[in-house]
Amino acid sequence: MKAVLVALALAPALAGSAPGSDPVSALKEHDIRQAIDISADRLEVRTKDNVAVFEGRVEAVQEDLKLQADRITVHYQLRRADNADDRPPAIARIDATGNVQLSSPSERVAGDWGVYDMEQKIVTLGGSVILTRDKTMVRGDRLQVNLETGVTRLETADAGAGVGGEQGRVRGRFVPAEKQP
């Protein structure tokens, strides 16, 4: 894959950071220890596989982070093998497919699929990815946000892919913030 760290110009436009710093997401230091509320039309729990599958207008909310998709699969692990402590299982990963949207108060990302890796503290969206903040927008094939560092990476596939007719290129439109009088 051809990787491009989201342009330095994107840092001030998307996260309000100083020029010359790494592009930082507003999701930096998102508290993954908070509860996740999930709603859907249907739920299937596969206890043997430690998986819960939510289907139909699925919405998962954790603090100010919202994940929406047609289908979300939650991979969980019991805290102890015998679950003798009666604590709820820990979520290891959430997979999302179909019309995936991830939003925070300041950013919105849309893609075809997504993975929220709770252990690595990384959110990845793929397919036709569009990241927007205010009027600024960037497009690519795969976006990764490190929730611990806030660094956002946008990539395109090698040959034959890309968005907007451009093969293997990340594209963006950067609109400066309007000055307040």
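The values are calculated or read from the model by the stated rules, or taken from the named source; none is laboratory data. Since the structure is predicted, the reported quantities are computational estimates derived from the model, not experimental observations. Don't worry about glycine lacking a Cβ; one is built from the backbone with ideal geometry, like all the others, and counts go over all protein chains shown.
Scanning segment 111-124 for residues that are out of contact with any Ser or Thr (no Cβ under 6 Å at 6 or more places or on another chain), of a type in the set (A, V, I, L, M, F, W, C) and surrounded by fewer than 19 Cβ atoms within 10 Å (Cβ to Cβ) yields one hit, 122.
For segment 148-181, how many residues are part of a loop (DSSP other than H, G, I, E, B), modelled with pLDDT of 85 or more and closer than 18 Å to residue 110 by Cα? Quick ask: steps written out before the conclusion?
The initial filter retains those residues of segment 148-181 that are part of a loop (DSSP other than H, G, I, E, B), namely 148-150, 157-170, 174-181.
Now drop any that are not modelled with pLDDT of 85 or more, which leaves 148-149, 169-170, 174-176.
This time we only want the ones that are closer than 18 Å to residue 110 by Cα, so: 169-170, 174.
Selection size over segment 148-181: 3.
Residues that are basic (Lys, Arg), modelled with pLDDT of 95 or more and on the phi < 0 side of the Ramachandran plot, at least 2 per element: which strands (runs of 3 or more DSSP E) completely within segment 10-63 meet that?
Values: elements: 37-39, 42-46, 51-62.
Strands (runs of 3 or more DSSP E) meeting the threshold: 42-46.
A count restricted to segment 68-97 and to residues that are surrounded by 14 or more Cβ atoms within 10 Å (Cβ to Cβ), modelled with pLDDT under 95 and assigned to a strand (DSSP E or B) stands at 3.
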